[in-house]
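Visitor: Shown below is the structure under consideration.
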Amino acid sequence: MRTLFAAAAAGLWLVAGAASAQTPPPPNDYAKGETWLCRPGRTDACAIDMSATVINADGSTRREDWGRNDLAPVDCFYVYPTVAADPTPNSDMTPGAEELAVANRQLARFGKVCRIYAPLYRQITIPALRAMTSGQQVAVDRELAYRDVRDAWNHYLKHDNAGRGVVLYGHSQGSGVLKRLIQEEIDGKPAQARVLSAMLIGTNVLVAKGKDVGGDFKSMPLCRSRQQLGCVVTYVSFRESAPPPANSRFGRTTREGMEVACTNPAALAGGNGDMSPVYWATR
């Protein structure tokens, strides 16, 4: 159900710019630590113990220790999904329990293999999306959310990247923002050389029918192997027994000659595959 709501939230975000605020708020200063949900080398939402209990096939268990690696050779730049519960159309820049929780669920484990940069941004909130679904006019500012992430990305490139490879990672609204960031700031530009992959989960990414490129992105193809670099992993989830309906916001497009990209992270070359290992959340 979380996946389905996140997909719906991302779809509403795509059309939410119709009633944007007239006077844009001032930009954030991403030189300040409080504008980031997670950054390397500090105690924050990603500095949590991700040790796990491994359950073997025979029912026996063992502990798998975990540690964050601030000396990892690559970076991860993450934009979180629609989680903000603020009563305003766009969220504020103070992380609530929901932003902290999504860092726990989706992001912190990546700290073992990459240095994490996760900016806070003034996203469209869950209450605003719910109000719009009931037909209310809500003054959301879609551009504000995008500008925040763009400013954080440019600050990261200038002050933190130092020529390192970076994985772009987003979900739902975060993936929609990252898709636009790639289109406007990365695809076919010098920054593209830094991108190891872009994981855009829970949003439509269009490609030319039968092709791996040529739709939303002009030069970044879909990933087709684990060894491929500079490529895109993307999918939206439907049950096998319930494919996307004809009027679905996800998995379908009316753009002529285009189709919605789908890469299976367990089998990038196509077909079925096993996701292993899988870490389930516990209380």
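The values are calculated or read from the model by the stated rules, or taken from the named source; none is laboratory data. Model, not experiment: these values are computed from the prediction. Don't worry about glycine lacking a Cβ; one is built from the backbone with ideal geometry, like all the others, and counts go over all protein chains shown.
Visitor: So residue 250 clears everything in (1) of a type in the set (A, V, I, L, M, F, W, C); (2) at pLDDT 95 or above; (3) within 30 Å of residue 126 (Cα to Cα) except one condition, right? Which one?
Guide: Condition (2) is where residue 250 drops out.
Visitor: When the residues of region 45-73 are filtered to those that are acidic (Asp, Glu), assigned to a loop (DSSP other than H, G, I, E, B) and without any contact (Cβ under 8 Å) to a residue 24 or more places away in the chain, which remaining residue is nearest to residue 108 (Cα to Cα)?
Guide: Only one residue fits best here, namely 49.
Visitor: Output yes when any residue across region 240-247 is farther than 17 Å from residue 202 by Cα and at pLDDT 90 or above, and no when none is.
Guide: Yes, region 240-247 has at least one match.
Visitor: From the list 105, 63, exactly one residue is surrounded by fewer than 12 Cβ atoms within 10 Å (Cβ to Cβ) and either within 19 Å of residue 281 (Cα to Cα) or not hydroxyl-bearing (Ser, Thr, Tyr) (or both). Which is it?
Guide: Testing whether each residue is surrounded by fewer than 12 Cβ atoms within 10 Å (Cβ to Cβ) and either within 19 Å of residue 281 (Cα to Cα) or not hydroxyl-bearing (Ser, Thr, Tyr) (or both) leaves just 63.
Visitor: Would you mind finding the one in 111, 170, 163 that is part of a loop (DSSP other than H, G, I, E, B), at pLDDT 95 or above, under 24 Å from residue 229 (Cβ atoms) and out of contact with any Pro (no Cβ under 6 Å at 6 or more places or on another chain)?
Guide: Unique residue meeting the criteria: 163.
Visitor: Go through region 255-283 and report how many residues are charged (D, E, K, R) and either modelled with pLDDT of 90 or more or surrounded by 10 or more Cβ atoms within 10 Å (Cβ to Cβ) (or both).
Guide: Matching residues across region 255-283 total 3.
Visitor: Would region 168-180 turn up any residue that is hydroxyl-bearing (Ser, Thr, Tyr), touching a His at 6+ places or on another chain (Cβ under 9 Å) and in contact (Cβ under 8 Å) with a residue 60 or more places away in the chain?
Guide: Among the residues of region 168-180, not one is hydroxyl-bearing (Ser, Thr, Tyr), touching a His at 6+ places or on another chain (Cβ under 9 Å) and in contact (Cβ under 8 Å) with a residue 60 or more places away in the chain, which makes the answer no.
Visitor: Then there's this: When residues of region 221-236 are filtered for being over 19 Å from residue 79 (Cα atoms) and either in contact (Cβ under 8 Å) with a residue 40 or more places away in the chain or aliphatic (A, V, I, L, M) (or both), how many remain?
Guide: Selection size over region 221-236: 7.
Visitor: Given the residues 206, 200, 181, 222, which is the only one that is over 24 Å from residue 238 (Cβ atoms) and either surrounded by fewer than 22 Cβ atoms within 10 Å (Cβ to Cβ) or under 13 Å from the mean Cα position of the chain (by Cα) (or both)?
Guide: Step by step, each of 206, 200, 181, 222 is checked, and only 181 is over 24 Å from residue 238 (Cβ atoms) and either surrounded by fewer than 22 Cβ atoms within 10 Å (Cβ to Cβ) or under 13 Å from the mean Cα position of the chain (by Cα) (or both).
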